[in-house]
1. Can you confirm whether region 192-204 contains a residue that is surrounded by 15 or more Cβ atoms within 10 Å (Cβ to Cβ), assigned by TED's automatic domain parsing to the domain that holds D218 and within 30 Å of R38 (Cβ to Cβ)?
2. Tell me the residue from L46, L94 that is touching a helix residue (DSSP H, G or I) at 6+ places or on another chain (Cβ under 9 Å), of a type outside the set (D, E), more than 27 Å from R169 (Cβ to Cβ) and in contact (Cβ under 8 Å) with a residue 24 or more places away in the chain, please.
3. If G100 satisfies every condition in (1) more than 16 Å from the chain's Cα centre (by Cα); (2) on the phi < 0 side of the Ramachandran plot but one, which is the exception?
4. Going through A63, A52 one at a time, which residue ends up being in the same structural domain as G11 (by TED's automatic domain parsing), over 17 Å from M107 (Cα atoms) and at pLDDT 95 or above?
5. Is there any pair linking a residue in region 68-90 that is without any contact (Cβ under 8 Å) to a residue 60 or more places away in the chain to one that is assigned to a strand (DSSP E or B) and not charged (D, E, K, R), with Cβ under 6 Å and at least six apart or on different chains, and which?
6. Pick from A119, A104: which is over 23 Å from V14 (Cα atoms), among the small types (G, A, S) and out of contact with any His (no Cβ under 7 Å at 6 or more places or on another chain)?
7. I'd like the residue in region 1-42 that is part of a strand (DSSP E or B) and of a type in the set (V, I, T) and, out of all such residues, is farthest from I156 (Cα to Cα).
8. Could you look through region 125-155, keep only residues that are assigned to a helix (DSSP H, G or I) and under 17 Å from the mean Cα position of the chain (by Cα), and pick out the one that is modelled with the lowest pLDDT?
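The values are calculated or read from the model by the stated rules, or taken from the named source; none is laboratory data. Worth saying up front: this structure is predicted, and the values here are computed from it rather than measured. Cβ sites come from the backbone with ideal geometry, for glycine too, and all protein chains shown count toward neighbours.
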Amino acid sequence: MSISAKIIGVGSSVPKKVITNHMLEDIMDTTDEWIRKRTGIEERRLVTEETATSMAIDASKQAIEHAKVKADDIDIIIGTTISSDYATPSIASLVQKGIGCKQAVVMDIAAGCTGFIYALATMVSLMDTMDLETGVIVSSENLSGRMNWEDRSTCILFGDGAGAIVVKRSKENKIKHPILTGIIDENDVLYIKNKRQNNPWSENQDWDDISLSMNGNDVFAFAVDAVEKTIKKLQEMMGDEKIDKIIPHQANSRIIRFAASSTDYKKDQFYVNVDKYANTSSATIPIALKEANDSGWLKKGDNVALVGFGAGLTYGGIVVKWAI
(Lines give C-alpha, C1' and ligand atoms only; values in the text may rest on other atoms or scores of the structure.)
Protein backbone atom coordinates (compact mmCIF):
# COMPACT_ATOMS: atom_id res chain seq x y z
CA MET A 1 0.00 0.00 0.00
CA SER A 2 1.37 3.45 -0.90
CA ILE A 3 -0.14 6.75 0.16
CA SER A 4 0.40 10.09 -1.53
CA ALA A 5 1.62 12.27 1.33
CA LYS A 6 4.89 13.50 2.80
CA ILE A 7 6.30 14.95 6.02
CA ILE A 8 7.17 18.62 5.60
CA GLY A 9 7.79 19.81 9.16
CA VAL A 10 9.02 18.49 12.53
CA GLY A 11 8.99 19.87 16.07
CA SER A 12 9.66 18.73 19.62
CA SER A 13 9.38 19.98 23.17
CA VAL A 14 10.97 18.47 26.27
CA PRO A 15 10.99 19.69 29.87
CA LYS A 16 13.81 21.88 31.13
CA LYS A 17 14.54 19.65 34.13
CA VAL A 18 17.22 17.04 33.41
CA ILE A 19 17.29 14.07 35.80
CA THR A 20 20.50 12.04 35.60
CA ASN A 21 20.99 8.50 36.83
CA HIS A 22 23.20 9.89 39.60
CA MET A 23 20.28 12.02 40.81
CA LEU A 24 18.14 8.88 41.01
CA GLU A 25 20.78 7.31 43.27
CA ASP A 26 19.78 9.90 45.90
CA ILE A 27 16.14 8.74 46.09
CA MET A 28 16.27 4.98 45.47
CA ASP A 29 18.47 1.91 45.60
CA THR A 30 20.06 2.07 42.15
CA THR A 31 23.25 3.14 40.43
CA ASP A 32 24.20 4.89 37.24
CA GLU A 33 26.11 1.79 36.11
CA TRP A 34 23.13 -0.51 36.78
CA ILE A 35 20.76 1.67 34.73
CA ARG A 36 23.14 2.28 31.81
CA LYS A 37 24.10 -1.41 31.53
CA ARG A 38 20.48 -2.60 31.39
CA THR A 39 18.84 0.21 29.44
CA GLY A 40 21.38 2.53 27.83
CA ILE A 41 19.66 5.45 29.57
CA GLU A 42 21.86 8.14 31.11
CA GLU A 43 19.30 10.90 31.76
CA ARG A 44 15.70 11.87 31.14
CA ARG A 45 13.57 15.05 31.18
CA LEU A 46 10.80 15.36 33.77
CA VAL A 47 8.08 17.99 33.92
CA THR A 48 8.14 20.61 36.64
CA GLU A 49 6.14 23.55 35.29
CA GLU A 50 5.31 21.98 31.89
CA THR A 51 2.26 19.84 31.10
CA ALA A 52 1.41 17.31 28.40
CA THR A 53 -0.76 20.01 26.82
CA SER A 54 1.84 22.79 26.89
CA MET A 55 4.50 20.51 25.39
CA ALA A 56 2.08 19.34 22.68
CA ILE A 57 1.24 22.91 21.70
CA ASP A 58 4.89 23.95 21.68
CA ALA A 59 5.96 20.98 19.53
CA SER A 60 3.07 21.57 17.11
CA LYS A 61 3.90 25.26 16.72
CA GLN A 62 7.51 24.36 15.95
CA ALA A 63 6.47 21.81 13.33
CA ILE A 64 4.06 24.26 11.69
CA GLU A 65 6.72 26.97 11.58
CA HIS A 66 9.24 24.49 10.16
CA ALA A 67 6.74 23.45 7.49
CA LYS A 68 6.12 27.09 6.55
CA VAL A 69 2.34 26.73 6.81
CA LYS A 70 -0.23 28.61 8.89
CA ALA A 71 -2.44 27.26 11.66
CA ASP A 72 -5.54 27.74 9.55
CA ASP A 73 -3.96 25.64 6.79
CA ILE A 74 -4.28 22.60 9.07
CA ASP A 75 -7.22 20.38 8.09
CA ILE A 76 -6.70 17.55 10.57
CA ILE A 77 -4.96 17.10 13.92
CA ILE A 78 -4.36 13.68 15.46
CA GLY A 79 -2.97 13.40 18.97
CA THR A 80 -1.46 10.42 20.75
CA THR A 81 -0.95 10.17 24.50
CA ILE A 82 -1.39 7.83 27.46
CA SER A 83 -0.95 10.66 29.96
CA SER A 84 -3.17 13.54 28.88
CA ASP A 85 -4.04 16.31 31.30
CA TYR A 86 -7.73 15.81 30.45
CA ALA A 87 -9.98 12.79 30.00
CA THR A 88 -11.80 14.96 27.51
CA PRO A 89 -11.41 16.95 25.31
CA SER A 90 -8.72 15.21 23.29
CA ILE A 91 -5.18 16.52 23.31
CA ALA A 92 -5.73 17.19 19.60
CA SER A 93 -8.56 19.58 20.49
CA LEU A 94 -6.38 21.31 23.07
CA VAL A 95 -3.65 21.72 20.44
CA GLN A 96 -6.20 23.09 17.97
CA LYS A 97 -7.10 25.77 20.51
CA GLY A 98 -3.47 26.40 21.42
CA ILE A 99 -2.28 26.97 17.85
CA GLY A 100 -5.39 28.95 16.83
CA CYS A 101 -6.68 26.64 14.12
CA LYS A 102 -10.32 27.62 13.61
CA GLN A 103 -11.66 24.39 12.10
CA ALA A 104 -10.19 20.91 11.61
CA VAL A 105 -10.80 17.21 12.09
CA VAL A 106 -9.50 16.55 15.62
CA MET A 107 -9.11 13.28 17.51
CA ASP A 108 -6.75 11.17 19.59
CA ILE A 109 -5.54 7.63 18.99
CA ALA A 110 -4.71 5.31 21.90
CA ALA A 111 -2.25 2.56 20.96
CA GLY A 112 0.31 2.88 23.74
CA CYS A 113 3.86 3.50 22.59
CA THR A 114 2.84 2.52 19.03
CA GLY A 115 0.46 5.49 18.92
CA PHE A 116 2.53 7.61 16.54
CA ILE A 117 2.70 4.81 13.94
CA TYR A 118 -1.06 4.26 14.17
CA ALA A 119 -1.64 8.00 13.90
CA LEU A 120 0.52 8.39 10.79
CA ALA A 121 -1.21 5.53 8.99
CA THR A 122 -4.62 6.91 10.00
CA MET A 123 -3.70 10.46 9.05
CA VAL A 124 -2.69 9.74 5.47
CA SER A 125 -5.65 7.42 4.94
CA LEU A 126 -8.11 10.07 6.11
CA MET A 127 -6.37 12.71 4.02
CA ASP A 128 -6.99 10.55 0.94
CA THR A 129 -10.54 9.63 1.94
CA MET A 130 -11.65 13.15 2.88
CA ASP A 131 -9.48 15.04 0.38
CA LEU A 132 -7.63 16.90 3.14
CA GLU A 133 -4.47 18.81 2.31
CA THR A 134 -2.45 19.31 5.52
CA GLY A 135 -2.36 17.68 8.94
CA VAL A 136 -0.53 17.67 12.27
CA ILE A 137 0.32 14.61 14.32
CA VAL A 138 1.38 15.41 17.88
CA SER A 139 2.47 12.91 20.53
CA SER A 140 2.87 14.21 24.08
CA GLU A 141 3.52 12.37 27.34
CA ASN A 142 3.77 13.30 31.01
CA LEU A 143 4.71 9.82 32.20
CA SER A 144 6.53 10.91 35.34
CA GLY A 145 3.15 11.50 36.95
CA ARG A 146 2.11 7.89 36.31
CA MET A 147 5.16 6.20 37.80
CA ASN A 148 5.59 4.43 41.13
CA TRP A 149 8.76 6.20 42.24
CA GLU A 150 9.51 3.41 44.71
CA ASP A 151 9.69 0.83 41.91
CA ARG A 152 13.18 1.16 40.45
CA SER A 153 12.45 -1.45 37.77
CA THR A 154 10.01 0.89 35.99
CA CYS A 155 10.46 4.53 37.00
CA ILE A 156 14.06 4.67 35.75
CA LEU A 157 12.90 3.82 32.21
CA PHE A 158 10.61 6.73 31.40
CA GLY A 159 10.75 10.43 30.65
CA ASP A 160 8.46 13.26 29.54
CA GLY A 161 8.29 15.06 26.21
CA ALA A 162 6.42 15.77 23.00
CA GLY A 163 7.05 15.54 19.27
CA ALA A 164 5.03 16.69 16.27
CA ILE A 165 5.08 16.50 12.48
CA VAL A 166 3.22 18.22 9.66
CA VAL A 167 1.97 15.96 6.86
CA LYS A 168 0.96 17.26 3.41
CA ARG A 169 -0.60 15.57 0.41
CA SER A 170 1.91 14.89 -2.35
CA LYS A 171 1.89 13.77 -5.97
CA GLU A 172 4.64 11.25 -5.15
CA ASN A 173 4.32 8.41 -2.65
CA LYS A 174 6.49 9.47 0.30
CA ILE A 175 4.77 7.40 3.02
CA LYS A 176 4.50 3.69 2.30
CA HIS A 177 3.53 0.26 3.59
CA PRO A 178 1.81 0.83 6.95
CA ILE A 179 1.82 -2.21 9.22
CA LEU A 180 -0.53 -2.08 12.23
CA THR A 181 -0.80 -5.10 14.53
CA GLY A 182 -2.40 -5.95 17.84
CA ILE A 183 -1.93 -9.17 19.78
CA ILE A 184 -3.55 -10.17 23.06
CA ASP A 185 -1.67 -9.29 26.24
CA GLU A 186 -2.54 -12.62 27.85
CA ASN A 187 -0.69 -11.96 31.10
CA ASP A 188 -1.26 -8.22 31.51
CA VAL A 189 2.44 -7.47 31.17
CA LEU A 190 2.05 -3.73 30.55
CA TYR A 191 -0.73 -1.40 31.69
CA ILE A 192 -1.75 1.74 33.57
CA LYS A 193 -5.16 1.82 35.26
CA ASN A 194 -7.22 4.99 35.52
CA LYS A 195 -8.50 6.08 38.90
CA ARG A 196 -11.88 4.48 39.47
CA GLN A 197 -14.81 6.87 39.83
CA ASN A 198 -17.80 5.64 41.81
CA ASN A 199 -21.44 6.42 41.17
CA PRO A 200 -24.15 6.55 43.88
CA TRP A 201 -25.03 2.86 43.32
CA SER A 202 -21.56 1.36 43.02
CA GLU A 203 -19.55 -0.21 45.78
CA ASN A 204 -17.18 2.32 47.31
CA GLN A 205 -13.87 0.92 46.18
CA ASP A 206 -10.84 1.98 44.20
CA TRP A 207 -7.99 0.36 42.34
CA ASP A 208 -5.02 -0.39 44.57
CA ASP A 209 -2.51 1.13 42.16
CA ILE A 210 -2.92 3.51 39.21
CA SER A 211 0.76 3.77 38.32
CA LEU A 212 2.43 1.94 35.46
CA SER A 213 2.77 -1.83 35.86
CA MET A 214 5.19 -3.82 33.70
CA ASN A 215 6.75 -7.26 33.52
CA GLY A 216 10.09 -6.22 32.07
CA ASN A 217 11.25 -9.64 30.85
CA ASP A 218 8.02 -10.38 28.98
CA VAL A 219 7.90 -6.90 27.45
CA PHE A 220 11.53 -7.22 26.34
CA ALA A 221 10.86 -10.52 24.56
CA PHE A 222 7.75 -9.13 22.88
CA ALA A 223 9.53 -5.94 21.80
CA VAL A 224 12.52 -7.68 20.23
CA ASP A 225 10.24 -10.05 18.31
CA ALA A 226 7.96 -7.18 17.18
CA VAL A 227 10.83 -5.03 15.91
CA GLU A 228 12.43 -7.95 14.04
CA LYS A 229 9.16 -8.99 12.39
CA THR A 230 8.22 -5.43 11.42
CA ILE A 231 11.58 -4.56 9.86
CA LYS A 232 11.67 -7.79 7.84
CA LYS A 233 8.07 -7.31 6.67
CA LEU A 234 8.71 -3.70 5.66
CA GLN A 235 11.75 -4.71 3.63
CA GLU A 236 9.72 -7.42 1.88
CA MET A 237 7.06 -4.85 1.03
CA MET A 238 9.72 -2.48 -0.34
CA GLY A 239 10.83 -5.10 -2.86
CA ASP A 240 13.96 -4.01 -4.72
CA GLU A 241 13.95 -0.60 -3.04
CA LYS A 242 16.11 -0.58 0.07
CA ILE A 243 15.50 0.80 3.54
CA ASP A 244 18.34 3.20 4.33
CA LYS A 245 17.73 3.99 7.99
CA ILE A 246 15.55 2.88 10.89
CA ILE A 247 14.07 4.92 13.74
CA PRO A 248 12.61 2.53 16.32
CA HIS A 249 10.62 3.33 19.43
CA GLN A 250 13.18 4.40 22.03
CA ALA A 251 12.36 2.09 24.92
CA ASN A 252 15.67 0.44 25.68
CA SER A 253 18.99 0.36 23.82
CA ARG A 254 19.30 -3.39 24.42
CA ILE A 255 16.09 -3.99 22.46
CA ILE A 256 17.49 -2.00 19.56
CA ARG A 257 20.82 -3.86 19.67
CA PHE A 258 19.11 -7.26 19.72
CA ALA A 259 16.86 -6.29 16.82
CA ALA A 260 19.78 -4.94 14.81
CA SER A 261 21.78 -8.13 15.30
CA SER A 262 18.95 -10.26 13.88
CA THR A 263 18.48 -8.21 10.70
CA ASP A 264 20.65 -7.33 7.72
CA TYR A 265 21.05 -3.76 8.97
CA LYS A 266 24.07 -2.32 10.73
CA LYS A 267 23.91 -0.68 14.14
CA ASP A 268 24.71 2.76 12.70
CA GLN A 269 21.58 2.53 10.51
CA PHE A 270 19.46 2.69 13.68
CA TYR A 271 18.86 6.10 15.28
CA VAL A 272 19.18 5.96 19.07
CA ASN A 273 18.62 8.80 21.54
CA VAL A 274 17.12 6.86 24.47
CA ASP A 275 20.28 7.74 26.42
CA LYS A 276 19.16 11.40 26.62
CA TYR A 277 15.37 11.20 26.91
CA ALA A 278 14.54 7.66 28.13
CA ASN A 279 11.20 6.19 27.03
CA THR A 280 8.68 8.95 26.28
CA SER A 281 6.11 6.43 24.99
CA SER A 282 4.35 7.55 21.79
CA ALA A 283 6.52 10.69 21.64
CA THR A 284 9.85 8.88 21.15
CA ILE A 285 9.68 8.57 17.35
CA PRO A 286 8.64 12.17 16.54
CA ILE A 287 11.22 13.51 19.03
CA ALA A 288 13.83 11.35 17.29
CA LEU A 289 12.69 12.53 13.84
CA LYS A 290 13.21 16.16 14.87
CA GLU A 291 16.64 15.48 16.34
CA ALA A 292 17.74 13.24 13.44
CA ASN A 293 16.70 15.88 10.92
CA ASP A 294 18.37 18.74 12.80
CA SER A 295 21.63 16.83 13.18
CA GLY A 296 21.79 15.88 9.51
CA TRP A 297 21.53 12.14 10.22
CA LEU A 298 18.37 12.13 8.08
CA LYS A 299 18.99 13.22 4.52
CA LYS A 300 16.52 14.09 1.79
CA GLY A 301 15.65 10.97 -0.18
CA ASP A 302 16.38 8.50 2.62
CA ASN A 303 13.92 5.64 2.99
CA VAL A 304 13.35 5.60 6.76
CA ALA A 305 11.54 2.77 8.51
CA LEU A 306 9.66 3.88 11.63
CA VAL A 307 8.94 1.00 14.03
CA GLY A 308 6.88 1.07 17.21
CA PHE A 309 5.67 -1.34 19.91
CA GLY A 310 3.69 -0.89 23.09
CA ALA A 311 0.85 -1.80 25.42
CA GLY A 312 -2.07 -3.74 24.08
CA LEU A 313 0.04 -5.41 22.89
CA THR A 314 0.45 -3.33 19.74
CA TYR A 315 3.21 -2.94 17.21
CA GLY A 316 3.70 -1.64 13.70
CA GLY A 317 5.80 0.22 11.22
CA ILE A 318 5.77 2.44 8.17
CA VAL A 319 8.33 3.66 5.62
CA VAL A 320 8.83 7.37 5.00
CA LYS A 321 10.88 8.79 2.14
CA TRP A 322 12.42 11.81 3.82
CA ALA A 323 11.39 14.95 1.94
CA ILE A 324 12.77 17.78 4.10
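1. yes
2. Criteria check complete, one pass: L46.
3. Among (1) more than 16 Å from the chain's Cα centre (by Cα); (2) on the phi < 0 side of the Ramachandran plot, the lone unmet condition for G100 is (2).
4. A63
5. As it stands, the answer is S90/G79; S90/M107, since those pairs meet every condition given.
6. The unique qualifying residue is A104.
7. I3
8. Top of the filtered list is R146.
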